[in-house]
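Quick notes on the structure that follows.
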Amino acid sequence: MFIKKEINDQICIITIDRQDALNAMNPDILRELDQTIKGCISDQSIGVIIITGAGEKAFIAGADIKVMQNLDSKGALEFGKLGQEVTMTIEDSPKPVLAAVNGFALGGGCEISIACHVRFASENAMFAQPEVKLGLIPGWGGTQRLPRIVGKGNATELIIGGHMIDAHEALRIGLANKVFPQDQLLDETIKFAKLILGNGPDCVAESLRCINDSAGHSLIEGLNLEVEAFSELFGTDETNEGLNAFVEKRKPDFRN
Ligand code: CAA
């Protein structure tokens with residue numbers, strides 16, 4: 001068991017704990033992470049998921065290089081697809097998945113962080129797609145998601161340079177949403193999770209779906225998807241509660 005799960009006040013903190021390898025991901029840990037996230041998605045008592053790494057040094061130092069050393073092309077295809085499946089589980093989650101990046105987020109670790117909906121980083125966090133230094137290219141979504149988050153130019157620089165950037169550079173290019181001292185990272189991430197929990201869960205899920213869909217559609221198609229989702233909310237308990245609460249000058253109660 002390399003994944004720890006702690007649930008408090010509708011927030012599930014998933015910690016990847018393989019500190020002797022800086023939380024590098026092998027196939028077993030990938031499967032465990034996938035199952036854990038799917039479990040959180042189907043658990044009604046959970047509203048927000050946070051992913052972080054154990055220790056103060058690494059979020060995830062990437063795919064397990066010692067595993068990859070022994071892969072042939074067929075094995076690499078399976079390993080790549082498994083990692084991509086996990087990133088899709090994260091990205092498609094109707095419940096927000098926040099990355100608390102507490103150290104190295106390298107290769108597959110950076111790719112798992114960019115599948116998350118929001119990234120908060122500690123001051124000591126370091127991001128990189130260093131695959132080209134290993135004779136590889138990113139395999140868990142880096143070439144596809146990174147340009148969508150930081151733009152094609154910044155993503156190209158990171159992917160073909162393979163160099164690390166610190167948390168402040170990650171903030172500057174939009175890879176990190178916010179940066180905090182390490183001892184405040186988890187508390188600040190939980191604070192944001194609590195903010196989300198005050199909002200309508202279906203509205204949050206629909207917002208995530210529309211934002212995700214924006215990547216694969218033209219502006220007109222995306223606007224159609226958005227207005228359909230917008231209109232379908234009308235008449236639901238959640239939307240009635242939100243609109244009525246505003247007019248009645250009270251706080252909405254979406255989750256009870
Ligand atoms: N896979 C396997 N083991 C890893 C690892 C990884 N990605 N990263 C670190 N480790 C292991 C090290 O081998 C070492 O184990 P041993 O003590 O048994 O030798 C242990 O973690 C501690 O690491 P270091 O001694 O190297 O620690 P350091 O502080 O000197 O350096 C580091 C830290 C700069 C992160 C360095 O460990 C490093 O460069 N790691 C590799 C990072 C990397 O290249 N990641 C990308 C992998 S490719 C990928 O992810 C492909 C993809 O797109 C899916």
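The values are calculated or read from the model by the stated rules, or taken from the named source; none is laboratory data. Note that the structure is predicted; figures quoted are calculated from it, not measured. For neighbour counting, all protein chains shown are included, and Cβ atoms are generated from backbone atoms with ideal geometry for every residue, glycine included. Just so you know, the surface numbers come from the protein's heavy atoms only, side chains and all, with ligands and any DNA or RNA stripped out. Shrake-Rupley method; radii C 1.70, N 1.55, O 1.52, S 1.80 Å.
Accessible area per residue for the stretch 3-197 in Å², computed with a 1.4 Å probe and the full protein assembly in place, what is it?
Result: 45 Å² per residue.
How large, in percent, is the carbon and sulfur part of the accessible surface of the chain at a probe radius of 1.4 Å? Show your work: numbers first, answer last.
On the way: 7280 of 13250 Å².
Here carbon and sulfur together make up 55 percent of the probe-accessible area.
Computed with the Debye formula from one identical point scatterer per Cα of the stretch 146-220, without solvent, the log10 of I(q)/I(0) at q = 0.12, 0.27 Å⁻¹ comes to -0.52, -1.12. Only beta bridges with both residues in the chain are counted; by DSSP, about 25 percent of them are antiparallel. Across the cross-link table entries LYS66/LYS133; LYS4/LYS66; LYS5/LYS191; LYS191/LYS251, which are compared at the Cα atoms, the separations over 20 Å belong to LYS4/LYS66.
Report the convex hull volume per residue for the stretch 201-247, counting only C-alpha atoms, in Å³.
On the way: hull volume 3.2 nm³, N = 47.
It comes to 68 Å³ per residue, whole-number rounded.
Computed with a 1.4 Å probe over protein heavy atoms only, the accessible surface of the stretch 201-247 comes to 68 Å² per residue.
Which distance in Å, rounded to a whole number, links the C-alpha centroids of the stretch 121-162 and the stretch 39-107? After rounding, the separation between the Cα centres reads 15 Å. Relative to its Kirkwood radius, the Cα radius of gyration of the stretch 90-212 gives an Rg/Rh of 0.98.
Please return the longest range in the chain lying between exposed loop sites, taking trypsin sites (Lys or Arg not before Pro), DSSP loop only, at most 16 other beta-carbon atoms within 10 Å, and leaving the sites out. It would help to have the intermediate numbers written out before the result.
Numbers: sites that count: LYS57, LYS249, ARG250, ARG255.
Longest site-free region, per DSSP loop and neighbour criteria: 58-248.
The stretch 1-115 has equivalent-ellipsoid semi-axes of 23, 16, 11 Å, by the square roots of 5 times the alpha carbon gyration tensor eigenvalues, sorted largest first. Computed on the Cα atoms alone, the convex hull of the chain gives a volume of 137 cubic angstrom per residue.
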